[in-house]
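Have a look at the structure below, then the notes.
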Amino acid sequence: IEHSQIRKIGRKMASEKKKDARLIVMCVDKSEYSKAGWKWAVENVLKDTDQVQLIHVYERKPMSTFDYVSKDYHQLMELEKKYMEEVRKRNAEIMKEMVVDALRIGCKAHITVEILDLHDGGAKGTIQEHCNKVNPAMCIVASRGTGAFGRAFLGSVSDYLVHNLKCPVIVVKTTKSAEKAPA
């Protein structure tokens, strides 16, 4: 399926939506946990009338001091532009794969894609800010299964979202290998 076909299908589905459609935010990244969580959500939660936002948070590559000293303003802007194009292209491919998988499974929900810049609050804060802005009916996130030790030292995005979002949060716990999601 080509990207233009996905857009046409999405527009057609959007025109058929009812006004009472749920907005669901699904947090994704390139991990197998995320892919398994998305598959689980498609198979178990999403309805045909839902509006789904797949969101991915990415971190901008910081410029080194050498970059600032050795290049003029136009060169820096060109480097930034190229980097952003690479990031968007890479993320678009990840998202395209997930949308195509959902369509193969038979998902008829209207799916849009949001690629968000990482803010000072990290991925957790960026997702929280986005959810506060769009006010979804629910947020779905996959768990990486780091356990209590990992949460204590690294922090858990899913744990943070459960305790800080205003909407219900579904945490999809996948197997260690993320080969399959729970039914």
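The values are calculated or read from the model by the stated rules, or taken from the named source; none is laboratory data. Source: prediction; values computed, not measured. All Cβ positions, even for glycine, are placed from backbone atoms using ideal geometry, and neighbour counts span all protein chains on display. Just the protein is used for accessible areas: all its heavy atoms, side chains included, with ligands, DNA and RNA removed. Shrake-Rupley method; radii C 1.70, N 1.55, O 1.52, S 1.80 Å.
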Note to self: more than 21 Å from Asp50 (Cβ to Cβ), modelled with pLDDT of 85 or more, aromatic (Phe, Trp, Tyr) and not in a loop (DSSP other than H, G, I, E, B): is that true of Tyr83 in this structure?
What the structure shows: no
Check: So which pairs qualify, if the first residue must be in the stretch 103-123 and free of Cβ contacts under 8 Å to residues at least 12 places away in the same chain and under 23 Å from Asp48 (Cα atoms), the second must be in a loop (DSSP other than H, G, I, E, B) and open to solvent by less than 60 Å² (accessible area, probe 1.4 Å), the Cβ gap must be under 7 Å, and the two must be at least 6 apart or on different chains?
Finding: none
Next item on the list: Kindly list the number of the only condition in (1) more than 17 Å from Val157 (Cβ to Cβ); (2) part of a helix (DSSP H, G or I); (3) at pLDDT 85 or above that fails for Ala41.
Entry: (1)
Next item on the list: Return yes or no: is Glu93 modelled with pLDDT of 80 or more and either open to solvent by less than 40 Å² (accessible area, probe 1.4 Å) or of a type outside the set (A, V, I, L, M) (or both)?
Entry: yes
Note to self: I'd like to know if the stretch 128-150 contains one or more residues that are modelled with pLDDT under 85, of a type in the set (A, V, I, L, M) and in contact with a strand residue (DSSP E or B) (Cβ under 7 Å, 6 or more places away or on another chain).
What the structure shows: no
Margin query: Residue under question is Asp50, and the condition is that it be acidic (Asp, Glu) and either open to solvent by less than 30 Å² (accessible area, probe 1.4 Å) or modelled with pLDDT under 55 (or both); does it hold?
Written below: yes
Item checked: Residues that are at negative phi and loosely packed, with under 14 Cβ neighbours inside 10 Å, drawn from the stretch 101-111 -> Arg104, Ile105
